[in-house]
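S.K.: Sharing a structure with you now.
The values are calculated or read from the model by the stated rules, or taken from the named source; none is laboratory data. Since the structure is predicted, the reported quantities are computational estimates derived from the model, not experimental observations. Every residue, glycine among them, receives a Cβ derived from its backbone with ideal geometry; neighbour counts consider all protein chains shown. All accessible areas refer to the heavy atoms of the entire protein, side chains included, with ligands and DNA or RNA removed. Shrake-Rupley method; radii C 1.70, N 1.55, O 1.52, S 1.80 Å.
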Amino acid sequence: MPVWMSWLNRGDSAVPATIISIALMLAAGFLMTRITKKLRLPNVTAYIVGGILAGPFALNLIPQTIVEGTSFLPDIALAFIAFSTGEFFRLSTLKKNGGKVITITVFESCGAAILVFLTCHLILGLNFAFSVVLGALATATAPASTIMTIRQTGAKGDFVETLLQVVALDDVVGLVLYSMAISLATAVFSSTGFHISAVLIPLGKTLLLLLLGCFFGLILKWLVGTRRSTDNRLIIAIAVLFSYCGICAVIDVSPLLGCMAMGMVYINTTEDERMFRQLNYFSPPILLLFFFRSGLSFDLGSLLNQSESIGAVPLLVVGVIYFIVRILGKYIGAWSGCRLAGKAPKVRNYLGLALIPQAGVAIGLAALGARELGGEMGHALETIILSSSVLYELIGPGAAKLSLWLSGSYSNELEEVAPVPEITETGEKKSELELLIDRIQKIQSELPVHSENENEKAFTEAAEEYYRDQTQPQPRTRRRGLRRDIF
């Protein structure tokens, strides 16, 4: 029990313990980002490391009852992530880009999955079902680190465009493969033994919930409409997401594909990007708690032990080999996909380096997999993914920057970053000072006007609209409209 809990002198300390624990998790996660920001690491790394330090193997600040009582967080956090992923599945974009990006994405995802599965099952001798799920988790990537590096370097060109399109669709393939893998794994461990129906029934449930997710996307479109105030749009969207997650929890099926389908249907029928911006700006505290909780569940001691349920290899060895083999699988798959799609050598030779990071979706899927597999196997799965994700986030940004530089997508030479005419309008050659001034002016003209991102802008607009509705007198007809909007 944490030391601070002994300071609570009330008979029932459950409520204050829960409130204080959540406050500690939020504060500790934020403080860790101050450190990782100086190291140029993503916030996800800060949240996981903060959870490990606050967990039972370090400071022991959070009671185990709080960790167990927040088991619903993976479903809620992944609902937001999956719904946001649906935004990238626009039919217009897929038609425009043709099958090249889809080919590259399928090859790099399946390359990692197949190589990890074969290595774990055939070479390490791990359990078949465990190897299948671990292989499926190898497909997911964390695009945030790559996108952050692109913005920092100002990289442009075919390599960058291909990379952005691939990372947008990568998690879609990962969600599909995970749903198939976990259905197969749970069927293998069924008490009645393995039957084809044990695989077909879960897949049938997943398909029905996928269709239900599409239907919920249409419901969301109908409920939001065009007359809703901005704050009520956010409330309705969260209510619909939570409702769908509740239905999935009742029948014990992952909500990931359905939430992704919901987002896909909504964006294709409304073209309403603002909804996704609002949800993305609302979700950081929820995602912080989820990743921090994942760190709390991380068992440092188990890394040196072997799990009887998966094989005779220590988890530390499995984690290191998974870390290396997944990188090889991503690189080989990306190279093969680019070659088949007819991409230039600079794209196919270095695209795999930019697909190394792995965090958000993979950790969430591991948490769901741990719950569905249960026991030592579930615990081992989450431990391997968490430990490797920290390593991936440490080297991911550097590998992405290296791939951008090797592909020629950006340069440190001022002449290449800001090319300007070297001759004046009168035909005279400019001096070095004049060229320097022209290049500085060009760089300044390309800088953004302000730093407010799209998510923050959408949330600010919602707050301002709410403030106007509450403070400014409205005509009676408008009030009735608002009353209809609320109810």
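S.K.: Which residues among the stretch 234-271 fall inside the zone where the amide N is under 17 Å from a point 7 Å beyond the Cα of Lys95, along Cα→Cβ?
M.R.: Only 265-271 fall inside the zone, counting backbone N under 17 Å.
S.K.: Hey, with R₀ at 30 Å, roughly what FRET efficiency would Ile251 and Ile286 work out to, going by the Cβ-Cβ distance, to 0.05? Walk me through the numbers before you get to the answer.
M.R.: Working: r = 23 Å, r/R0 = 0.78.
Once rounded, the FRET efficiency stands at 0.80.
S.K.: Sort out for me the Cα centre separation of the stretch 225-262 from the stretch 375-391, rounded to whole Å.
M.R.: One Cα centre to the other: 29 Å.
S.K.: Suppose accessible area is computed on protein heavy atoms with a 1.4 Å probe; arrange Met180, Met377 from highest to lowest.
M.R.: Sorted by accessible area, descending: Met180, Met377.
S.K.: While we're on this one: Taking a ≥ b ≥ c as the square roots of the eigenvalues of the Cα gyration tensor of the stretch 244-383, is the shape rounded (a/c under 1.5), prolate (a/b larger than b/c) or oblate? Please list the in-between numbers first.
M.R.: Working: a/c = 2.06, a/b = 1.08, b/c = 1.90.
It is oblate, given that a/c is not under 1.5 and a/b is not larger than b/c.
S.K.: Rounded to the nearest 10 Å², what accessible area does Glu161 have for a 1.4 Å probe in the complete protein model?
M.R.: 110
S.K.: Using a 1.4 Å probe and ignoring any ligands, DNA or RNA, find the accessible area of Asp299 and quote it in Å² to the nearest 10.
M.R.: Surface open to solvent at Asp299 totals about 40 Å².
S.K.: In nm, what is the difference between 0.36 nm times the number of residues separating Val313 and Arg34 and their Cα-Cα distance?
M.R.: Details: separation 279, 0.36 × 279 = 100.44 nm, distance 3.71 nm.
The Val313-Arg34 span can extend by a further 96.7 nm.
S.K.: If we sort 402-408, 62-68 on the protection proxy, mean other Cβ atoms within 10 Å, highest first, what's the order? Walk me through the numbers on the way to the answer.
M.R.: Working: 402-408: 19.0, 62-68: 17.3.
Descending mean neighbour count gives 402-408, 62-68.
S.K.: Take Tyr47, Tyr350 and sort them by solvent-accessible surface of the protein heavy atoms, 1.4 Å probe, largest at the top.
M.R.: Details: Tyr47 30, Tyr350 60 Å².
The ordering from most to least exposed comes out as Tyr350, Tyr47.
S.K.: From the Cα gyration tensor of the stretch 60-137, with a ≥ b ≥ c the square roots of its eigenvalues, which class applies: rounded if a/c is under 1.5, or else prolate if a/b is larger than b/c, or else oblate? Could the numbers behind the result be given before it?
M.R.: On the way: a/c = 4.12, a/b = 1.22, b/c = 3.39.
Verdict is oblate for the stretch 60-137.
S.K.: Report the full-extension gain for the segment Ala23 to Ile437: residue separation times 0.36 nm, less the Cα-Cα distance, to one decimal in nm. Numbers along the way, then the final one.
M.R.: Details: separation 414, 0.36 × 414 = 149.04 nm, distance 5.05 nm.
That works out to 144.0 nm of additional length.
S.K.: Are any of the pairs Lys156/Lys343; Lys95/Lys401; Lys95/Lys343; Lys100/Lys205; Lys100/Lys221; Lys330/Lys401 more than 25 Å apart by Cα-Cα distance, and if so, which?
M.R.: Table pairs above 25 Å Cα-Cα are Lys95/Lys401; Lys100/Lys205; Lys100/Lys221.
S.K.: Quick check for you: with a 1.4 Å probe and neighbouring chains kept, what is the accessible area per residue of the stretch 209-327, in Å²? Mind dumping the intermediate values first?
M.R.: Working: 4830 Å² over 119 residues.
For the stretch 209-327, the per-residue accessible area is 41 Å².
S.K.: For the stretch 81-88, just list the computed ³J(HN,Hα) in residue order, Karplus coefficients 6.51, -1.76 and 1.60, θ = phi - 60°, integers in Hz, with x standing in for Gly and Pro.
M.R.: After applying 6.51 cos²θ - 1.76 cosθ + 1.60, I find 5, 5, 4, 5, 4, x, 4, 7 Hz.
S.K.: So what's the net charge close to Ile114: Lys and Arg +1, Asp and Glu -1, counting the other residues with Cβ under 13 Å from its Cβ? Before the final figure, lay out each step's value.
M.R.: Working: positive: Arg326, Lys330; negative: Glu108.
Counting the neighbours of Ile114, the net charge comes to +1.
S.K.: With every protein chain present, what accessible area does Val317 have (1.4 Å probe, heavy atoms only), rounded to the nearest 10 Å²?
M.R.: Solvent-accessible area, nearest 10 Å²: 60 Å².
S.K.: Decide, for the stretch 275-356, between rounded, prolate and oblate: order the square roots of the alpha carbon gyration tensor eigenvalues as a ≥ b ≥ c, take rounded if a/c falls under 1.5, and otherwise choose prolate if a/b is larger than b/c, else oblate.
M.R.: Working: a/c = 3.65, a/b = 1.17, b/c = 3.11.
Oblate.
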